[in-house]
Number of protein chains: 2
Amino acid sequence: MEAIAGDDAPNTDTEPLVVVAEGDDIPAHRRYLAVADGILAAIAAGRLSPGDRLPNERELARICDVSRTTVRDALLALELFGVVEVRPGSGCYVGSLHPARRRASSVVLDSVPRDLLEARLHVEPEVARICAGNVSPEEIRRLRGLIDACEAEGERASADDLGTFLKMSQEFHSEMALSCGNGVLADFTSQLVDVTAHPLWQVVNSMHVRDPEARASQIAEHRAILAAVESGDGELASAQMRRHLASLESSIFGSGRRRDGISRQRRRSR
Amino acid sequence: MEAIAGDDAPNTDTEPLVVVAEGDDIPAHRRYLAVADGILAAIAAGRLSPGDRLPNERELARICDVSRTTVRDALLALELFGVVEVRPGSGCYVGSLHPARRRASSVVLDSVPRDLLEARLHVEPEVARICAGNVSPEEIRRLRGLIDACEAEGERASADDLGTFLKMSQEFHSEMALSCGNGVLADFTSQLVDVTAHPLWQVVNSMHVRDPEARASQIAEHRAILAAVESGDGELASAQMRRHLASLESSIFGSGRRRDGISRQRRRSR
DNA sequence: TTCTGCAAATCGGTCTGACCAATATGGGGA
DNA sequence: TCCCCATATTGGTCAGACCGATTTGCAGAA
């Protein structure tokens, strides 16, 4: 996949394959984090794909305007997460596990819809459980704001204009995942939720919120989850989330829960 | 001056506070792993206790007979695992970890290896639950074969050659994930497990299977999980997997509580 | 022409030495 | 006694160099 920085293209050394983050949320004495974040951003933006070889360390140092030492620190950190794989004498390659995987190459997209929802049904209750007693007041406020906005939209929207309502509703789930404090779980959940933003899913989802009463019911379930989280009762939060997703599942796929291994496909690792 | 941590006795300068491992399971081109392993061993042996300050980098380089660069790589890796905390201008300290987690904005890098293990702790029990009553006899056979081979390797291996044992042990988890029938969960779990195949993870993991008895215990836990899965008892399978991973986590990161979510939840789970 | 084998180029791993910034320490002055 | 500042300590970064492993490409053999 020819990902090395413009050796072939005429527009050399002006292409921002990797840009160092300037954000203030990175401590000044952890410069390698900025470089690592830049590489992650490049992957997330699709400028680097799994299997691609990164520019060599010396080139990266030039691009990011840091020393090779700092680049190596960044690569070492990324290697620990499986984001990249470093092969001596060969180069540094993008691995399969990285925080913001592109949807195009994601297994998520070509998975059975039912598997997606079932995965959410197993993971999100755990996320809610972690959130309980672990979220900050500010995050509670943000989540409540999302529900309020969603409710207002739900009352306003017609049956033919549910896009915004659905989007905000999903944002509640993503936001809660981000609030759980575990970056890995948060990212995984966000991926699952993001997929349901696909137009095809929107059509499916809109089925069960056409009725204003159904929208109100969904809002109520979100509020119940948030209340449980706020109270610090992890068990209750988990149960509420499970109930919420189960009702979602049953309204989409019906009440049948049979698992017959339809989606089974054994994949070789490496 | 001698500010080396936690020693009351005026020991001589030849005391092996940190010794570099000579094990063959550490690739020659990753010397920093040997240093990291030496520091981990010192902590495990009690020569270094949480809160203690390590010798400074230049001194460590002298002790381990490597360059400061290599020492820094080792410390960076250990810091990412939360084993040590590096404070600029002050020193490198064991264990006393960051008081509050930095919240992720769009920067996803603040997820630590502990997040990976915690994610497994939440997802894999669900995987085991799904597996129960859902796996085929052939898959059961394969899983049992993995455990058997792992056990044979565990009895054969010495304390310095645990690479194969660890790898086979992890393969059990990957194989079970692939057997659960949900492609999304299987893929996610496999990724998490694959990351721990990294040499650095192997070094950390080897801490808790150095003792032959510990290896036997781990094998027994795997058998318990498989038995529960085979019996079709999803609840038991989930519990066994959770117990297994919890013991793994505590033996790696210690029982000290750092993640509110986890510890709170575990307290609550009667 | 195709294949094999060797040598040069490439690339990561490590070492050395230096300088900077943050912190810790200790002594002197109010 | 307490505070402030100069200084020592320590980690963070940079630069340049060398080594070993891998890759690549070309020359020679089949």
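All of the numbers you see were taken from the coordinates with simple rules; none came from a lab. Note that the coordinates shown come from a computational prediction; the quantities given were computed from them, not determined experimentally. Please note: Cβ atoms are built from the backbone with ideal geometry, for glycine as well, and neighbour counts cover all protein chains shown.
Nearest 0.05, what FRET efficiency do B:ALA227 and B:ALA44 give at R0 = 41 Å with Cβ-Cβ as r?
Details: r = 31 Å, r/R0 = 0.76.
Efficiency for this residue pair is about 0.85.
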Practice prompt. Once the label point is placed 7 Å from Cα along Cβ, list for A:GLN202 the distances to the corresponding points in the other copies, in nm, shortest first.
Written response: 4.9
Response to the item:
trypsin sites (Lys or Arg not before Pro) in the range A:179-230 lying in a DSSP loop, each with at most 16 other Cβ atoms within 10 Å of its Cβ, come to A:ARG210
Worksheet item: In nm, what is the difference between 0.36 nm times the number of residues separating B:SER250 and B:HIS29 and their Cα-Cα distance?
Response: 76.6 nm
Discussion item. Please report, for A:GLU213, the nm distances (one decimal) from its label point, 7 Å out from Cα along the beta-carbon direction, to the equivalent points in the remaining copies, shortest first.
Written reply: 6.5
Worksheet entry | Teacher prompt: B:SER136 distances to equivalent labels in other copies, 7 Å Cα→Cβ, nm | 5.0
Practice prompt. Rounded to the nearest Å, what's the spacing between the alpha carbon centres of the range A:163-229 and the range B:139-198? Just the number, please.
Written response: 34 Å
